[in-house]
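K.L.:
This is the structure I have questions about; it appears just below.
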Amino acid sequence: MVNSLASLHPNPGWSDPCINQCSPVGKHCILELYHCSPAKLDDEAYLRRTISQAVEEAGATLLNLISHRFTPQGVTGLALLSESHLSIHTWPESQYAAVDVFTCGDHTMPERACQALVQALEAGRYNLRSFLRETPTDLTESLRAPQPNLQAFRG
């Protein structure tokens, strides 16, 4: 099943078990890309540029970007964001990529990052799942104190 990118925001058609009990922390997109360009999936430099552009499209702030090219093929890239993360794992031999985009707050649009990746990797087909990450109100309204540092009490 292929979801349209427009159907991602704001969680259309889903019943929300946390109504009046939870507050959104952020949005999480799980994207699977099929029939992609094998050459692009195996090009670490191209993927780094593509990830950076996708982060910018989402309106997120890139803190760090690390990547690794595997032998004989495949690349993993991880973008550390002020808002959370974007990761991609590629299998050029299968023309497949798995993507995870999680952004906290309401100023970012992770689905825009997904759209940029679909286009940049020339996906012939994709499957996109999106959901709101939520924190139960009882956690956000309760007083929480840090755990004592037990190491400090040891001699």
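K.L.:
I'd like to know if region 147-154 contains one or more residues that are outside any strand (DSSP E or B) and modelled with pLDDT of 85 or more.
P.N.:
no
K.L.:
Taking the options 76, 90, name whichever one is touching a His at 6+ places or on another chain (Cβ under 8 Å) and at pLDDT 95 or above.
P.N.:
Details: 90 fails: touching a His at 6+ places or on another chain (Cβ under 8 Å).
Result: 76 is the single residue among 76, 90 that is touching a His at 6+ places or on another chain (Cβ under 8 Å) and at pLDDT 95 or above.
K.L.:
Enumerate the pairs (first residue in region 22-40 and in a strand (DSSP E or B) and loosely packed, with under 15 Cβ neighbours inside 10 Å; second residue anywhere and at pLDDT below 95 and among the β-branched types (Val, Ile, Thr)) with beta-carbon separation below 9 Å, excluding pairs fewer than 6 apart on the same chain, so at least 6 apart or on different chains.
P.N.:
23/135; 23/137; 23/140
K.L.:
Further question on the same structure: Would you pick out the residues in region 45-74 that are of a type in the set (S, T, N, Q) and buried (at least 16 other Cβ atoms within 10 Å of the Cβ)?
P.N.:
Matches in region 45-74: 50 only.
K.L.:
Within the bounds of region 56-69, is there any residue that is more than 18 Å from residue 106 (Cα to Cα), among the β-branched types (Val, Ile, Thr) and in contact with an Asp or Glu (Cβ under 6 Å, 6 or more places away or on another chain)?
P.N.:
No, that holds for no residue.
The values are calculated or read from the model by the stated rules, or taken from the named source; none is laboratory data. As the structure is a computational prediction, the values presented were derived from the model and not from experiment. When we count neighbours, we look across all protein chains shown, and the Cβ atoms used for this are built from the backbone with ideal geometry, even at glycine.
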